[in-house]
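Down below is the structure, laid out as structure tokens.
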Amino acid sequence: EIKPTIAIIVAALKPDLAIGFQGKMPWRLRKEIRYFKDVTTKTSDPSKINAVVMGRKTWDSIPARFRPLPDRINIVLSRSFQNETVDTNVIHANSIANSLSQLQPNVERVFVIGGAEIYNELINDSRVTHLLLTEIENTNEDNQIAVDTFLKFPLYSTDSQWRKQPKSELQKFIGSSITLEDDISEGDLKYNYTLWTRR
Ligand SMILES: NC(=O)C1=CN([C@@H]2O[C@H](COP(=O)(O)OP(=O)(O)OC[C@H]3O[C@@H](n4cnc5c(N)ncnc54)[C@H](OP(=O)(O)O)[C@@H]3O)[C@@H](O)[C@H]2O)C=CC1
Ligand SMILES: COc1ccc(Oc2cccc3nc(N)nc(N)c23)cc1
């Protein structure tokens, strides 16, 4: 059967690729959150739906009134889950493999949305072929951002198998209805959307 594309989607602060602080995101970037919602929700085939995969701790930290993330299948991973559909659009699974075997045929793309433990495992899973990384930079060295959680992604080493794609490839991947701005600034933070694929 056709296998859905599996993409990691994450926003990280360069150069150490920080993503969290005390269980939450270290920043709130309005336009970036809209990009996340639009990219993970939009399908090219209107009869299909996308899925988002997250760790149990990330699910637990979504306020109950805001979960499941709307208009997407929500897959939650926990080692203590059986593999079952627990609610409309909510699937419990104890491995990414099992969660993928439970997907209906109308799923177009699968997005891995966090958190740290899930990211750092799945970046090494060959089924993950795309990385949508929002690269954030702090333009104010006098105002350091508190972080305590990092991606362990081998992106910048010379022998890395991940290659940053040109912006045109990112635009193709997300579709022309989503506008890609460059060097977006919100407060002290400046960020760019990037697409990486395995070489
Ligand atoms: N900057 C960004 O874009 C994002 C940042 N984050 C940040 O990440 C942090 C949360 O990440 P983290 O604490 O690592 O938690 P996660 O959300 O990664 O959840 C971890 C849990 O997922 C389950 N799990 C992990 N691996 C597997 C596996 N192989 N099979 C089955 N279940 C598995 C386990 O659940 P159990 O214990 O039940 O077995 C584990 O405790 C927060 O700071 C959050 O803000 C999160 C998303 C996006
Ligand atoms: C607490 O629950 C959640 C925490 C983080 C999360 O993921 C994101 C939230 C907001 C913006 C996000 N931006 C990018 N590029 N990637 C993500 N995974 C994002 C989704 C749910």
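The values are calculated or read from the model by the stated rules, or taken from the named source; none is laboratory data. Remember, predicted model here, so these are calculated numbers, not experimental data. With ideal geometry, Cβ positions are generated from the backbone for all residues, glycine too; neighbour counts draw on all protein chains shown. All accessible areas refer to the heavy atoms of the entire protein, side chains included, with ligands and DNA or RNA removed. Shrake-Rupley method; radii C 1.70, N 1.55, O 1.52, S 1.80 Å.
Screening ILE73 on (1) more than 14 Å from ligand 1 (Cβ to nearest atom); (2) of a type in the set (Val, Ile, Thr); (3) surrounded by fewer than 20 Cβ atoms within 10 Å (Cβ to Cβ) shows it passes everything except condition (3).
Condition check: open to solvent by 70 Å² or more (accessible area, probe 1.4 Å) and in contact (Cβ under 8 Å) with a residue 40 or more places away in the chain. Does ARG30 satisfy that? Against the criterion (open to solvent by 70 Å² or more (accessible area, probe 1.4 Å) and in contact (Cβ under 8 Å) with a residue 40 or more places away in the chain), ARG30 qualifies. Only a single item in (1) hydrophobic (A, V, I, L, M, F, W, C); (2) within 16 Å of ligand 1 (Cβ to nearest atom); (3) out of contact with any helix residue (DSSP H, G or I) (no Cβ under 8 Å at 6 or more places or on another chain); (4) under 20 Å from SER101 (Cα atoms) is not met by ILE2, and it is number (2). A count restricted to the stretch 1-27 and to residues that are away from ligand 2 (no atom under 12 Å from the Cβ), assigned to a loop (DSSP other than H, G, I, E, B) and open to solvent by 10 Å² or more (accessible area, probe 1.4 Å) stands at 8.
In the stretch 48-154, counting only strands (runs of 3 or more DSSP E) that sit wholly within it, the ones holding 3 or more residues that are within 22 Å of GLN165 (Cα to Cα) span 107-114, 128-138. In the stretch 100-128, the residues that are within 16 Å of ASN74 (Cβ to Cβ) reach residues that are part of a helix (DSSP H, G or I) and within 13 Å of ligand 2 (Cβ to nearest atom) with C-beta atoms within less than 6 angstrom, at least six apart or across chains, in these pairs: PHE111/THR40; VAL112/LEU122; GLY114/THR58; GLY115/LYS57; GLY115/THR58.
Going through (1) loosely packed, with under 14 Cβ neighbours inside 10 Å; (2) in contact with a helix residue (DSSP H, G or I) (Cβ under 9 Å, 6 or more places away or on another chain) one by one, ILE174 falls short only on (1).
Determine, yes or no, whether ARG56 is open to solvent by 70 Å² or more (accessible area, probe 1.4 Å) and either under 21 Å from ARG28 (Cβ atoms) or aromatic (Phe, Trp, Tyr) (or both).
Working: open to solvent by 70 Å² or more (accessible area, probe 1.4 Å): yes; either under 21 Å from ARG28 (Cβ atoms) or aromatic (Phe, Trp, Tyr) (or both): no.
No, not satisfied.
Restricting attention to the stretch 93-112 and to residues that are within 11 Å of ligand 1 (Cβ to nearest atom) and surrounded by fewer than 21 Cβ atoms within 10 Å (Cβ to Cβ), the residue that is farthest from SER44 (Cα to Cα) turns out to be ASN94. None of VAL90, VAL39, VAL10 is within 18 Å of the chain's Cα centre (by Cα), within 19 Å of LEU131 (Cβ to Cβ) and more than 8 Å from ligand 1 (Cβ to nearest atom) except VAL39.
Go over the candidates THR134, THR129, THR179 one by one and state the one that is under 30 Å from ILE2 (Cβ atoms) and surrounded by 17 or more Cβ atoms within 10 Å (Cβ to Cβ). First the steps, then the outcome.
Details: THR129 fails: surrounded by 17 or more Cβ atoms within 10 Å (Cβ to Cβ); THR179 fails: surrounded by 17 or more Cβ atoms within 10 Å (Cβ to Cβ).
Within the list THR134, THR129, THR179, the selection yields THR134.
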